[in-house]
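Each remark here refers to the structure printed beneath this line.
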Amino acid sequence: MQARRFTFVIADRQTGAVRRLTISLWPTLAAVAGLFALPVLMGLGARWSAPDDTRRSGSDPKILLRAKVGRADATAGPPGSTR
C-alpha cells in the first residue's frame, strides 16, 4: 500500500510560476502531535519537580501561615518605614 501524500499547488497567474509542496500524512501528523505534546510535557515536568510543600500547601494551614508570614516579611520594606 502506498503512503498517503498530499500536494499543495500554488500558482501565480501573472508570471506562470507554479510551486508544489508534497507532504506525507503520518510524518506530518507525528510532527504536529510532537509540537502540541512538548508544552504539556514541560508543564508536567515542572509540576512533578516542584517542592513537596508547595504541592501540599492547599491542605495544610501551617504551611499557608508560614508562607503568608514570609511574604509579609519580604514586602515589609526597611524597618521603621510606614506603608
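The values are calculated or read from the model by the stated rules, or taken from the named source; none is laboratory data. All of these numbers come straight from a predicted model, not from anything done at the bench. Note that we place each Cβ from the backbone using ideal geometry, even for glycine, and neighbour counts take in every protein chain shown.
Per-residue answers, yes or no, for (1) modelled with pLDDT of 90 or more; (2) among the aliphatic types (A, V, I, L, M):
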{"residue": "MET1", "(1), (2)": "no, yes"}
{"residue": "ARG4", "(1), (2)": "no, no"}
{"residue": "VAL9", "(1), (2)": "yes, yes"}
{"residue": "ARG19", "(1), (2)": "yes, no"}
{"residue": "LEU29", "(1), (2)": "yes, yes"}
{"residue": "ALA37", "(1), (2)": "yes, yes"}
{"residue": "VAL40", "(1), (2)": "yes, yes"}
{"residue": "ALA67", "(1), (2)": "no, yes"}
{"residue": "ASP73", "(1), (2)": "no, no"}
Check your understanding: In the range 18-37, which residues are free of Cβ contacts under 8 Å to residues at least 12 places away in the same chain and in contact with a strand residue (DSSP E or B) (Cβ under 7 Å, 6 or more places away or on another chain)?
Key -> VAL18, ARG19
Review point. So which residues in the range 1-29 are surrounded by 10 or more Cβ atoms within 10 Å (Cβ to Cβ) and out of contact with any helix residue (DSSP H, G or I) (no Cβ under 8 Å at 6 or more places or on another chain)?
Key: ALA11, ILE23, SER24, LEU25, PRO27, THR28, LEU29
